[in-house]
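The values are calculated or read from the model by the stated rules, or taken from the named source; none is laboratory data. Predicted, not measured: the structure shown is a model, and the values here were computed from it. Here Cβ is always computed from backbone atoms with ideal geometry, including for glycine, and neighbour counts include all displayed protein chains. When the accessible area is computed, the model is the full protein with side chains, heavy atoms only, and any ligands, DNA or RNA have been set aside. Shrake-Rupley method; radii C 1.70, N 1.55, O 1.52, S 1.80 Å.
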Amino acid sequence: MKSLHLPVALTAVYAFTLLAGLPLPKDILVVSVALLPALVWLSLTDLQRHVIPDPATLAVAIVGLLRAILKEDPSFLCDILGAVGALAILGAAGEIFWRYKGKEALGLGDVKLIAASVLLVGLGGMWVFMLLACTGGIAASLLSSDKSKSGIPFGPFLAYALFLTVLFS
């Protein structure tokens with residue numbers, strides 16, 4: 001039952017937005033509808049197996065690329081470089097932590113999802129996206145009654161943060 005909380009929350013936010021009649025640009029509505037299935041899938045998979053499916057991450061990257069192409073955004077090259085930089089820096093940091101501590105702090109699936117998310121929200125939106133995801137992850141960790149060493153999957157927090165950043169940016 002716990003695994004249904006995030007999909008229900010995402011759907012509720014989306015439904016509230018539509019019902020409240022908030023003025024959202026059509027591209028935001030299309031992007032959010034296109035993202036929702038991938039984000040729900042990756043959240044459920046990460047909660048169950050501690051793995052973020054590559055096809056879900058690829059879907060996020062493709063939606064980001066298509067959105068930039070359709071908007072003819074000239075700053076998109078910077079966003080691509082930012083995504084590559086995030087992939088390199090976070091991937092290296094995760095590897096260093098693994099070698100130093102012998103345990104995983106940030107998995108490669110999380111790193112790839114963050115990089116794909118930069119393609120969608122841009123370098124400017126990345127900071128809001130990461131703040132939301134980290135705040136949610138920290139709160140869940142502090143409130144968790146399960147103090148096992150397996151950790152809390154970060155994918156669902158990245159998913160809701162990405163969804164909210166896209167929806168309200």
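Here are the numbers for the structure shown:
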item	result
Which of LEU164, LEU113 is most accessible, then next, and so on - probe 1.4 Å	LEU164, LEU113
With DNA, RNA and ligands ignored, accessible area of ASP54 (1.4 Å probe; Å², nearest 10)	80 Å²
With all protein chains modelled, accessible area of THR57 [1.4 Å, Å²]	10 Å²
Low-density loop positions, GluC sites (Glu not before Pro), region 38-145 - DSSP coil, at most 11 other Cβ in 10 Å	GLU72
Order of exposure, largest accessible area first, which applies to SER43, SER145 with probe 1.4 Å	SER145, SER43
Cleavage-rule hits (trypsin sites (Lys or Arg not before Pro)) in region 80-149: DSSP loop, at most 10 neighbouring Cβ within 10 angstrom	LYS103, LYS147, LYS149
Sites LEU65 and GLU95, calculated FRET efficiency, Cβ-Cβ separation with R0 45 Å, nearest 0.05	0.95
GLN48-ILE80 FRET efficiency (beta carbon distance; Förster radius 35 Å; 0.05 resolution)	0.65
Relative contact order [Cα under 8 Å, 6+ residues apart], region 50-146, whole percent	38 percent
Rotationally averaged projected area of region 38-89 (alpha carbon convex hull; nm²)	4.2 nm²
